[in-house]
Amino acid sequence: MSETDHLQPICDRVAAVWPVQRWGSLRVVVGVSGGADSVCLVRTLAQMAGGASSNLIVAHYDHRTRDDSGDDAAFVGEVARDLGLDFELGRSASRDPSRSEADLRGERYDFLDSVARRLGARYVAVAHNRDDQVETILHNILRGTGGKGARGIAPFRPLGEDLVLARPFLDVSRHSIESAMSAVGQSYRSDPTNVVPTWTRNWLRVELLPLLKAQFPQVDESLLRLGQNVGELQAAVDQMAAELESTAVRYEAGAVRIAIGPMRLAPEAVKVALLQGCWKRMAWPRGKMSHGHWKLLTQRMFGGGPQGKPLSFDLPGDVQVSVSNDELVLTRRL
């Protein structure tokens, strides 16, 4: 079998969710860490694009959390050259190894976003795979997520205007990826920190999931099926919330006004989805808004203060809430 034959099953899986007709003529930034997943992704996209592969741009971000991280950057540069692709390299200004997963991810995506916009790309492609999806769903469930988290990683999501984040490997297993790389003789880098259980995702991968699989061999399939089912339900809830928003919500400069009357008969999940949509529309931070905060907000929406006086309270992110008999007003301190 040729190298293209070995990669073809993965190409077919990608084509089912992201056919080359959608992106082959556009510039695509491919985030490549040097690991098996991302190296396989760029090779797969290059094979699918054929003569249009010059539209692919390989981008690597060096977090500088390890002394040898520069070797990863050099390796990715070689992969790009072997494929005849442009290579973009970014390096963190910090060497602090204690940065959180969220901080590292934020730095990396800021870099990918900046490269894409500078070069006029329409997509940023990253290599989250089927195993990552399982880990994400489990992680979100354990964190006490709502429906949006339990449905897992979305295959596509906007990165501001005119740019889309694509994750075309969500139906491809890590085993399939590593087998394909072995079959074509493609080396890749292994980050030793990926097996250190200090970070939550690593602990899930190397400790918790093996224990679950020992007792429940089909746990991956069960979690993926749960994510799909929850995703379908969440889509219905989001549609109901959008319809309710059109009649109950008014946006003003720095404020959101919600008429309480139309909200009374809405299911709890729809109310929460509507409120979360308001936060998104206003670009307010949601990181510290827990399930309990959303629940508090929907409960107090119908309470008001004593003797009909407005009820006021604060929420994380410096959001102020004022509730009267017929209206809930949200503002944010600047």
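Rule-based calculations on the coordinates, nothing more; no lab input. Fair warning: this is a prediction, and the values are worked out from it, not measured in the lab. Every residue, glycine among them, receives a Cβ derived from its backbone with ideal geometry; neighbour counts consider all protein chains shown.
Details
- Over all orientations, the chain has a Cα convex hull whose mean projected area works out to 19.8 square nanometres.
- Helix 291-300 axis versus longest C-alpha principal axis of the chain: approximately 20°, rounded to the nearest ten.
- Table column - 3J(HN,Hα) (Hz), segment 189-203, Karplus curve with 6.51, -1.76, 1.60, x for Gly and Pro: 8, 10, 7, x, 6, 5, 10, 8, x, 4, 7, 4, 4, 5, 4
- With a Cα cut-off of under 21 Å and a minimum spacing of 8 residues unless on different chains, the lysine pairs in segment 229-332 number 5.
- Distant-in-sequence amide contacts of Asp86, defined by a placed amide H-H separation under 5 Å and a gap of 5 or more residues or a different chain, comprise Val58.
- Part-to-part distance (alpha-carbon centres) for segment 1-22 and segment 182-211, which is given in Å: 25
- Computed [θ] at 222 nm, deg cm²/dmol, the chain (DSSP H ≥ 4; -39,500 (n - 2.57); rounded to nearest 500): -15000 deg cm²/dmol
- Gained length - Thr247 relative to Trp203, 0.36 nm times residue gap less alpha-carbon distance: 11.3 nm
- Backbone HN-Hα couplings from phi across segment 247-262 [Karplus 6.51/-1.76/1.60, Hz, Gly and Pro as x]: 10, 10, 10, 10, 9, 10, 4, x, 9, 10, 10, 10, 6, 6, x, x
- For Asp314 and His291, the FRET efficiency from 1/(1 + (r/R0)^6), where r spans their Cβ atoms and R0 equals 22 Å, is about 0.80.
- Placing a pseudo-label 7 Å from each Cα along the Cα-to-Cβ vector at Glu327 and Ala15 gives an inter-label distance of 5.7 nm.
- Residues Leu330, Leu41 arranged by fewest to most Cβ contacts within 10 Å: Leu330, Leu41
- Fraction of antiparallel bridges per DSSP, the chain only, in percent to nearest 5: 60
- Distant-in-sequence amide H partners of Arg91 (H built 1.01 Å from N, under 5 Å): Asp62
- Vicinal HN-Hα couplings computed from phi for segment 100-111 (Karplus, 6.51 cos²θ - 1.76 cosθ + 1.60; Hz; Gly/Pro x): 6, 4, 5, 5, 5, 5, x, 4, 5, 6, 4, 5
- The residues packed around Ala266, meaning those with a beta-carbon under 11 Å from its beta-carbon, carry a net charge of -1 if Lys and Arg are +1 and Asp and Glu are -1.
- With contacts taken as Cα pairs under 8 Å at a separation of at least 6 residues, the chain carries a relative contact order of 14 percent.
- Sorting Tyr188, Tyr109, Tyr61, Tyr251 from the fewest to the most surrounding beta carbons within 10 angstrom yields Tyr251, Tyr109, Tyr188, Tyr61.
- Order of Met240, Met1 - criterion: other Cβ atoms within 10 Å of each residue's Cβ, fewest first: Met1, Met240
- Segment 229-332 - convex hull of the alpha-carbon atoms, volume per residue in Å³: 97
- Our note on the geometry: Cα centres of segment 87-102 and segment 262-302, 34 Å apart.
- Calculated FRET value between His175 and Arg66, using beta carbons and R₀ = 25 Å, to 0.05: 0.45
- In segment 61-168, a dipole from Cβ-located charges (positive for Lys and Arg, negative for Asp and Glu) runs towards its positive end, and of Ala150, Leu165, Tyr61 it is Ala150 whose Cα lies farthest in that direction.
- For the chain, the dipole from Cβ point charges (+1 on Lys and Arg, -1 on Asp and Glu) about the Cα centre works out to 1160 debye, to the nearest 20.
- Cut-off under 5 Å, modelled amide H: who pairs with Tyr123 long-range: Val29, Val164
- If the segment from Asp82 to Ile260 were pulled out straight at 0.36 nm per residue, it would be longer than the present Cα-Cα gap by 58.0 nm.
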